[in-house]
Amino acid sequence: MNNDVQNIKKLIINEPFKLDCGKIIKDFPIAYETYGNLNKKKNNAILVFHALTGDQFVTNINPITKREGWWTTAVGPGKAIDTNKFFVICANVLGGCMGSFGPKEINPENNKIFGTSFPVITIKDIVKAQKYLIDNLGIKKLLAIAGGSMGGMQVLQFISLYPDIAHAAIPIACSASHSAQNIALNELGRQAIMADPNWKKENVTPNKGLAVARMAAHITYLSKKGLQEKFGRKLQDEGSLKFSFDADFQIESYLRYQGANFVDRFDANSYLYITRAMDYFDLEKQFNGNLSLAFKDTKSKFCVISFSSDWLYPTVENKEIVIALNACGANVGFVEINSDRGHDSFLLNVPKFLKTLNEFINTTYNEVNNEKRI
Amino acid sequence: MKKEFKVIAQIIQNNKKVLDVGCGDGTLMQYLQINQKNNVRGLEPKKDLVQQCISKGLSVIEGDAEKELFQFPKKSFDYVILSQTLQAFLYPDEVLNQLLRIGKQTIVSIPNFGYWKIRLHLLFKGTMPVTKNLPDQWYNTPNLHMCTIKDFVNFCNKKNIKIDKSMCLTNERISEITKGNMRYKNIFSQLGIFLIQ
C-alpha cells in the first residue's frame, strides 16, 4: 500500500506556508487527481472538494482502496459533472491520509510518524494549499468549485479568500459555521479513537476506536426514515433473537461492516485532525460576525443545495449562507432537494439533485463561452 | 410569453436589477435577462419550478415571500415584480410593505375581482366565480384576499403608496387606467398592473 501511495500525483509546496495555528510548514506534498482534459482556453476546470473521509479519487476505481471513487454518482463521462466535457480536479486535504501532508507522514526531524505532533490545521489552511495546485496547473479562473459537507465549507472558504477564482460556486449540504451539535458529534468520534488502547502505538491497525467513530458518524449521515425503511427491525438471522450481544439486527451488522471497512482505508489521526478543522470552521467569525462580508467581493454565481432529510447540515443552516449572499447582493440560487436519504444524499443517486447540478454547471459553461465570444 | 409579462417587461428599463417574486418557471426572468440585459433574481416556493429555473441558469431561491423577503436589503433592486400573487398571501399588506422596502419601484399585478363576468357569475349563479383567469373552486383556490382594481387603488391611497403607472388588460388589450375611466375599467378589465413606490 505504501508503494501505491508514493506513486500518486503530488504537488510539492516548497514555499514556507504559514498555518492558522502559527506554525510554518514547507516542502510538503499535496496529493491530487484530475479527470478529463483541460481545454485550450483553460475555462473548463472544476475544482471538487472532498468531505471528511473522502480523498482525491473522485470517480473511477480508487487505485489505493480498489473501491469506487466517492462521487462516482456525480462525476464521470456522461455524468452530472461530465468528464468528457470538463477537467475535474480534486486534492486530498492537508491533514489527510491519501498522500497529502498529514499525521501519518514521517517527521524528518525525528524520523517518526507525526501522529498528534502534527500541527492543527484549519479549513483555511486546507484551501490555501489547494490554491497552489490551481496555480500550478496554470488555471487562472475555474469554471466552478463544488463540494458537499466539509467540501461545501471549503467552497465557501475558497471564495472568501479568492473572490474572483470561479465563475460558479456550489456549496452542498454544508454550513458557514459548525454547529454545537456537529462539534459534539465530532468530539464523540475523537474520544472513541483516543479511548482505543492501540491508538498511540505506531502502525497498529485496525483501530477499533476509529471504527466506532465511523459507526456513530455513519448514523448521522442517514435519516431516521431512511434507516427505518432500509432496516426496520429486520434480524440478521431470520427468525429469532440470539439473546447475546452479537449483531442481532441488520442495522447493527451494517454499522459494524461500515466501521470495519473504514479502518482499512483511513488513518485515525487524520480523522482527529480533519474533524478538528471542521469544528474550527466559523466563516462568520472570520468576518467579525457578518457572514455577508465573506462574499462581498465575489462575482461568482452561487447554487446552494440542501436536502430535506439532512439533520447534520439542515436546510436552515444552508439558508443562512443564502441569506448572507443576498444581503450583499451576490448572485445566488437555492433549492432544497426532497430526499429521505439524509446528509448522504449528495453522494447517492438522487436524480433531481444530479439534474440540478448538471444543468447548473452546463448553463454556466455556456454563459462563460458566450461571454468570450462577445 | 403572455401579454401581462410583455407589459411588465416594457415598464422595466434595460440593465436594471430586478427581483421576480413568485417567478414560476422563470419565463419572465429569462426574457428580461436575455432581451433587456436585466440582472434578475427570483423567489419561488415550488421546488420543481425552482429546479427548472436553476436549470435554465436563472438565480432563483426556493422560499416563501411571506418569510423570505426580509433578507433582501433596503432598495437593493431597481424593480420588484409580483405577478398575480398578492391575493394568495396570508398578509398581503405586509408582503407589499416588504416589496416597497426592497425595490426602488414595485410592479404588482392583480386579477380584477370587479370584472363583469365575475360580478354576473355571483349575481346570477349565486356561486363563487370561476373564470378563465381564476379557474379554481372556492375550496381549493390559493387566493385568500381577492380585490378589485378600485380596491387596490384605494389601498394605495390609504397607505400613501405612490402609483406611477396603472394599466389594465382586457382580452389581451392593454390600456391606461385614469381617474376618469376607473369605474369603467374596474368592470371591463381582467387584470390590473401597477407600478408603485
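The values are calculated or read from the model by the stated rules, or taken from the named source; none is laboratory data. Since we're looking at a predicted model, the values are computed, not measured. Positions of Cβ are generated from backbone atoms using ideal geometry, with glycine treated the same way; all protein chains shown enter the neighbour counts. These area figures cover heavy atoms from the full protein model, side chains too; ligands, DNA and RNA do not enter into them. Shrake-Rupley method; radii C 1.70, N 1.55, O 1.52, S 1.80 Å.
Of the conditions (1) within 14 Å of chain A (Cβ to nearest Cβ); (2) open to solvent by less than 10 Å² (accessible area, probe 1.4 Å); (3) at pLDDT 95 or above, B:LEU82 fails just one. Which one is it?
The one condition B:LEU82 does not meet is (1).
A:THR356 - would you say it is within 22 Å of the chain's Cα centre (by Cα) and within 11 Å of chain B (Cβ to nearest Cβ)?
In short, yes.
Checking the structure you have, find out if any residue of segment B:160-172 is in a loop (DSSP other than H, G, I, E, B), surrounded by 13 or more Cβ atoms within 10 Å (Cβ to Cβ) and either touching a helix residue (DSSP H, G or I) at 6+ places or on another chain (Cβ under 6 Å) or at pLDDT below 95 (or both).
Checked segment B:160-172: no residue is in a loop (DSSP other than H, G, I, E, B), surrounded by 13 or more Cβ atoms within 10 Å (Cβ to Cβ) and either touching a helix residue (DSSP H, G or I) at 6+ places or on another chain (Cβ under 6 Å) or at pLDDT below 95 (or both).
Being crowded, with 24+ Cβ neighbours inside 10 Å and out of contact with any strand residue (DSSP E or B) (no Cβ under 7 Å at 6 or more places or on another chain) is the filter here, so list the residues in segment A:139-156 that pass it.
A:SER149, A:MET150, A:MET153
For segment A:157-172, give me each residue that is more than 20 Å from A:ASN44 (Cα to Cα) and open to solvent by 30 Å² or more (accessible area, probe 1.4 Å).
Listed by number, the list holds a single entry, A:LEU161.
Of the residues that sit in segment B:57-75 and are in contact (Cβ under 8 Å) with a residue 24 or more places away in the chain and surrounded by fewer than 17 Cβ atoms within 10 Å (Cβ to Cβ), which one is farthest from the other protein chains (Cβ to nearest Cβ)?
For segment B:57-75, the residue satisfying everything is B:GLU66.
Restricting attention to segment A:336-353, which residues are surrounded by fewer than 18 Cβ atoms within 10 Å (Cβ to Cβ), in contact with a Ser or Thr (Cβ under 6 Å, 6 or more places away or on another chain) and at the interface with chain B (Cβ under 10 Å from one of its Cβ atoms)?
Passing the criteria: only A:ASN338.
Give the residues of segment A:299-311 that are open to solvent by 10 Å² or more (accessible area, probe 1.4 Å) and either farther than 20 Å from A:PRO163 by Cβ or not in a loop (DSSP other than H, G, I, E, B) (or both), sorted by residue number.
First, pick out the residues of segment A:299-311 that are open to solvent by 10 Å² or more (accessible area, probe 1.4 Å): A:299, A:301, A:308-309, A:311.
A:LYS301, A:SER308, A:SER309, A:TRP311, listed by residue number.
Residues of segment B:138-159 being in contact with a helix residue (DSSP H, G or I) (Cβ under 6 Å, 6 or more places away or on another chain), crowded, with 20+ Cβ neighbours inside 10 Å and outside any loop (DSSP other than H, G, I, E, B), which ones?
B:ILE149
If the requirement is being away from every other protein chain (no Cβ under 13 Å) and in contact with an Asp or Glu (Cβ under 9 Å, 6 or more places away or on another chain), which of these qualifies: B:GLU44, B:GLU94? Break it down into steps so the answer makes sense when it comes.
On the way: B:GLU44 fails: away from every other protein chain (no Cβ under 13 Å).
Unique residue meeting the criteria: B:GLU94.
Among the listed residues B:LEU43, B:LEU19, identify the single one that is among the hydrophobic types (A, V, I, L, M, F, W, C), under 29 Å from A:ASN318 (Cα atoms) and out of contact with any Lys or Arg (no Cβ under 9 Å at 6 or more places or on another chain).
Numbers: B:LEU19 fails: out of contact with any Lys or Arg (no Cβ under 9 Å at 6 or more places or on another chain).
Within the list B:LEU43, B:LEU19, the selection yields B:LEU43.
Against the condition of a type outside the set (S, T, N, Q), part of a loop (DSSP other than H, G, I, E, B) and either surrounded by 20 or more Cβ atoms within 10 Å (Cβ to Cβ) or at pLDDT below 95 (or both), how does A:GLY329 come out, does it pass?
Considered against the rule, which asks whether it is of a type outside the set (S, T, N, Q), part of a loop (DSSP other than H, G, I, E, B) and either surrounded by 20 or more Cβ atoms within 10 Å (Cβ to Cβ) or at pLDDT below 95 (or both), A:GLY329 comes out as yes.
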